[in-house]
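Contents: one structure, followed by commentary.
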Amino acid sequence: MAYDRPVAAESNIARRRAAARIDPRASYVERRREIVCAAATVFKERGFRGTTLAHIADAMGADRASLYYYVASKQELFREIVSDAVRVNLATATAIRDGGGDDADKLRRLMESLMRSYAEFYPVLYVLIQENFSHVDPERGEWAREMRELNLEYETVLTDVIASGQAAGILRDRAPAWLIAHGVMGMFGWTNRWFNPNRSPLTADEVGRAFADLLLDGVRA
């Protein structure tokens, strides 16, 4: 009987949490948003495996037990943090690819929007870069598969624009489109080591334009 009380308490909290999400009050939504923002920063600093709900509670000046009313686990928090940012990023890239302008212009806008997204969602997308999905979802479940697919879709969009520009003679074809796309992703991904929108001497727009200038100077026909 010694274990009945903790299990019952957890079940009660889970029921309250589920009920609050079905018909959330503004205060509940705002508090959960604050938890998500704090968690993103802690994940960036400590990594997924090095973070606990207690660390997130400490960052907020709150009690860990109070967080269970809003979230069930750090896995749930991490998934929510990453999922929204990845979907928005892909939607933006797809709209650029399918919109107007020549392929050199599209490539520039893709690069600038990618850097801008790192600032908009800071530090969410950097957390995604530095984490191994097997740490977050060791069973390689549906969420991890979905995130991998979305990341591959983004790479496909970028590769499509480069390949189209090469076929049209707008961009040089001295390297395969996929290789240039991976170079772009690596160039911007490395900014996780030094870029912080709150402290960087350059804005995300300035970094994006500079990188776009450097690449396009080399690949524009």
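The values are calculated or read from the model by the stated rules, or taken from the named source; none is laboratory data. Quick caveat, the model's predicted, so the values are computed rather than measured. FYI the Cβ positions are ideal-geometry reconstructions off the backbone, even for glycines, and counts take in every protein chain you see. Side chains are part of the model used for accessible areas, which takes the heavy atoms of the whole protein and leaves out ligands, DNA and RNA. Shrake-Rupley method; radii C 1.70, N 1.55, O 1.52, S 1.80 Å.
Using a 1.4 Å probe, how large is the accessible area of residue 172, given in Å² and rounded to the nearest 10?
About 100 Å², rounded to the nearest 10.
Under a 1.4 Å probe, what is the accessible area of the chain per residue, stated in Å²?
Ligands and nucleic acids excluded, the result is 54 Å² per residue.
At 222 nm, what value in deg cm²/dmol follows for the chain if DSSP H runs of at least 4 each add -39500 (n - 2.57) and the sum is divided by all its residues, to the nearest 500?
-23500 deg cm²/dmol
Looking at the chain as a GNM with Cα springs under 10 Å, which of 178, 194, 143 has the largest mean-square fluctuation?
Among 178, 194, 143, the largest mean-square fluctuation in the Gaussian network model of the chain belongs to 194.
In terms of solvent-accessible area of protein heavy atoms at a 1.4 angstrom probe, what is the ranking of 51, 159, highest value first?
Accessible-area ranking of 51, 159, largest first: 159, 51.
Specify, per residue and in Å³, the volume enclosed by the convex hull of the alpha carbon atoms belonging to region 103-221.
Spelled out: Cα convex hull of region 103-221, divided by residues, is 100 Å³.
Using a 1.4 Å probe and counting only protein heavy atoms, arrange 129, 56 so the residue with the most accessible area comes first.
129, 56
If R0 is 30 Å, what FRET efficiency do you get for residue 185 and residue 143 from their C-beta distance, rounded to 0.05?
That pair, residue 185 with residue 143, gives E of 0.90.
How many percent of the accessible area of the chain is carbon or sulfur, using a 1.4 Å probe?
Its accessible area is 52 percent carbon and sulfur atoms.
If the viscosity is 1.002 mPa s and the temperature 20 °C, what translational diffusion coefficient in µm²/s does Stokes-Einstein give for region 34-154 when Rh comes from Kirkwood over Cα pairs?
Estimated via Stokes-Einstein, D reaches 138 µm²/s.
May I ask you to derive the FRET efficiency for residue 210 and residue 49 from their Cβ-Cβ distance with R0 = 41 Å, giving the value to the nearest 0.05?
Step by step, r from the Cβ atoms, then E = 0.75.
Using a cut-off of 13 Å between beta-carbons, work out the net charge of the residues near residue 62 (Lys and Arg +1, Asp and Glu -1, residue 62 not included).
Taking every Cβ under 13 Å from that of residue 62, the sum is 0.
Can you give the Kirkwood hydrodynamic radius of the chain from its Cα pairs, in Å with one decimal?
19.5 Å is the Kirkwood radius here.
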